[in-house]
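Notes for the one structure printed next.
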Amino acid sequence: MAPQTIVITGTSSGFGKATVEHFAARGWNVAATVRRPQDHPTLFAQFPNVTLFPLDVTNQAQVDRLAAATRAAYGSIDVLVNNAGQLLMGPLETSTMEQIRAQYETNVFGLIMVTKAFIPLLRAQGSGMIMNVASASAKANFPFLAAYGSSKWAVAGLSEALAVELAPFGIKVKTIFPGAHATKIFTKIANGLTPDTAAAAAAPAYRPYFANFLAVQDGVPNVPSPRNVAHLIYRAARANSDQTDYLAGRDAVLQVLLRRLLPQRVFKRMLVSSILRPPPPLMLRLVGWLLGGTERVEVDRNAMS
């Protein structure tokens, strides 16, 4: 039986890198994309079944070349994983429109471009799967993640529609909703709280609340490894069920559960309380237990000053 083939975007680190390694180790052909392959000369060198392709998901010409190149190389594609993304953190008021547009260009419009480029091939095959990596923020969003979380809500809504729209062609669509994990997305944050933003005068008003928000993460020693999400993506890719949504991490599960069980006003009050004052030790212990991880998330605090 010929090896199955998967295309994964955004693979230089984090979920994408871990997913490439997980599938490649299990014999799949993997087309892995990074913005500049020349910057990663040894990436996945240990896997002869992995091929690196250049891809900026906001570049239509590159997206089209990727679809054509993978079709020529493999003939058919079994799974497409839309993983590439970026994170804008900070108050909406102090974030520039350029930052917000860039967030949507990568997380939403870039994902749509890649998906549209591969649908004709999957439809002609009469089979295949599209898997979109969203975020637990697409189930219940957090303060200071308005642009990021809403972009992931858009991904979830897109997936929900496509799961039905593409079903007649034998194409499955699934969505992964990761909670907090140790990925480098936190070291590449687009900061919406810098002195050079158009609304810089408003920044001091938000700083104490933003600091309390960040203090929760500072107080948690470790979070789960991206390998957990890679394992979940592999399980979802091989599942024959009609399940479309996959939560990754105990924090994501609890987040969804609380959103469903608590009255809206209570849930909102809980989130407001979390930014009004520094987190108490009991909260930090609870969050640490929920995450139960082995790796540390590093955030560039200098960018948040």
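The values are calculated or read from the model by the stated rules, or taken from the named source; none is laboratory data. Values in this document were obtained by computation on a predicted structure and should not be read as measured data. Cβ placement follows ideal geometry from the backbone for every residue including glycine, while neighbour counts extend to all protein chains displayed. For accessibility, only protein heavy atoms count, side chains too; no ligands or nucleic acids. Shrake-Rupley method; radii C 1.70, N 1.55, O 1.52, S 1.80 Å.
For this structure, a couple of remarks:
- Qualifying residue in the stretch 98-115 (condition: under 17 Å from the mean Cα position of the chain (by Cα), buried (at least 16 other Cβ atoms within 10 Å of the Cβ) and part of a loop (DSSP other than H, G, I, E, B)): no
- Odd one out for A180, checked against (1) of a type in the set (A, V, I, L, M, F, W, C); (2) part of a helix (DSSP H, G or I); (3) at pLDDT below 95: (2)
- Where P279 falls short, out of the listed (1) modelled with pLDDT of 75 or more; (2) part of a helix (DSSP H, G or I); (3) not β-branched (V, I, T): (2)
- Test result for A198, of a type in the set (A, V, I, L, M, F, W, C), more than 22 Å from the chain's Cα centre (by Cα), modelled with pLDDT under 90 and surrounded by 14 or more Cβ atoms within 10 Å (Cβ to Cβ): no
- The condition of being outside any strand (DSSP E or B) and without any contact (Cβ under 8 Å) to a residue 60 or more places away in the chain holds for only one of F53, F47, that being F47.
- Check on S159, assigned to a helix (DSSP H, G or I), in contact with a strand residue (DSSP E or B) (Cβ under 6 Å, 6 or more places away or on another chain) and hydroxyl-bearing (S, T, Y): yes
- Failed criterion for S135 (all others in (1) farther than 18 Å from V34 by Cα; (2) surrounded by fewer than 19 Cβ atoms within 10 Å (Cβ to Cβ) hold): (2)
- Selection count where residues are among the charged types (D, E, K, R), open to solvent by 40 Å² or more (accessible area, probe 1.4 Å) and within 17 Å of N107 (Cα to Cα), scope the stretch 138-167: 2
- Those residues of the stretch 236-263 which are modelled with pLDDT of 85 or more and open to solvent by 80 Å² or more (accessible area, probe 1.4 Å), in sequence order: R238, N240, D242, Q243, L257, R259, R260, L261
- Residue within the stretch 116-131 that is part of a helix (DSSP H, G or I) and under 17 Å from the mean Cα position of the chain (by Cα) present: no
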